[in-house]
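Structure first, commentary second.
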Amino acid sequence: MKRKRPRILVVNDDGIDGPVLRPLIAALRSLGAVTALVPEKQRSASSHGLTLHKPLRLNPGADGILRLNGGPAD
């Protein structure tokens with residue numbers, strides 16, 4: 001029986017410009033299918049905050065990383 005590769009979700013609160021985001025994704029690709037979903041901008045120290053008063057928008061980037069206009073908990 002062929003073994004399925006795991007699906008790996010990468011999230012952060014440092015946003016799209018986090019210094020370890022891309023190296024982490026590259027390293028994990030050898031282990032399974034990687035999906036990265038991060039805030040559009042840096043959101044450190046707001047991990048429990050929720051976006052309540054504006055619509056959430058999910059924007060796929062050309063690099064395959066999904067960007068969210070909300071915070072990490074959204």
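The values are calculated or read from the model by the stated rules, or taken from the named source; none is laboratory data. Bear in mind that the values here come from a model prediction, so they are computed numbers and not experimental data. Every residue, glycine as well, gets a Cβ built from its backbone with ideal geometry; the counts of neighbours run over all protein chains shown. These area figures cover heavy atoms from the full protein model, side chains too; ligands, DNA and RNA do not enter into them. Shrake-Rupley method; radii C 1.70, N 1.55, O 1.52, S 1.80 Å.
Only bridges whose two residues both fall in segment 2-74 count here: according to DSSP, what percent of them are antiparallel, nearest 5?
Counting DSSP beta bridges with both partners in segment 2-74, the antiparallel share is about 25 percent.
Counting alpha carbon pairs within less than 8 Å and at least 6 residues apart, what relative contact order, in whole percent, applies to segment 2-59? Walk me through the numbers on the way to the answer.
On the way: 63 pairs, mean separation 25.0, N = 58.
Value for segment 2-59: 43 percent.
Full extension from Val20 to Ala62: what is 0.36 nm times the residue separation minus their Cα-Cα distance, to one decimal in nm?
Working it through step by step, the gained length comes to 13.3 nm.
When Lys and Arg each count +1 and Asp and Glu each count -1, what net charge do the other residues less than 12 Å away from Ala45, Cβ to Cβ, add up to?
Working: positive: Arg43; negative: Asp13, Asp14.
Surrounding charge for Ala45 is -1.
On the accessible surface of the chain, probed at 1.4 Å, how many percent belong to carbon and sulfur atoms?
Values: 3180 of 5460 Å².
The nonpolar share, carbon plus sulfur, comes to 58 percent.
Net charge within 11 Å of Leu58 by Cβ-Cβ distance, Lys/Arg positive one each and Asp/Glu negative one each, not counting Leu58 itself?
That sum, taken over residues with Cβ under 11 Å, equals 0.
Counting trypsin sites (Lys or Arg not before Pro) as exposed when in a DSSP loop with at most 16 other beta carbons within 10 Å, what is the longest stretch of the chain free of them?
It works out to 5-28.
Identify which of Val38, Val20, Val11 has the largest mean-square fluctuation in a Gaussian network model of the chain, with springs joining Cα atoms closer than 10 Å.
Greatest mean-square fluctuation among the candidates belongs to Val20.
For the chain, what is the calculated [θ] at 222 nm in deg cm²/dmol (nearest 500), taking -39500 (n - 2.57) for each run of four or more DSSP H residues and dividing by its residue count?
Counting only the DSSP helices, I get -3000 deg cm²/dmol.
What do you reckon, how do Leu56, Leu50 stack up by accessible area (1.4 Å probe), largest on top? Spell out each step's value before the answer.
On the way: Leu56 80, Leu50 110 Å².
Largest accessible area first, the residues go Leu50, Leu56.
What does the accessible area per residue of the chain come to in Å², with a 1.4 Å probe and no ligands, DNA or RNA counted? Write down the numbers at each step before the final one.
On the way: 5460 Å² over 74 residues.
For the chain, the per-residue accessible area is 74 Å².
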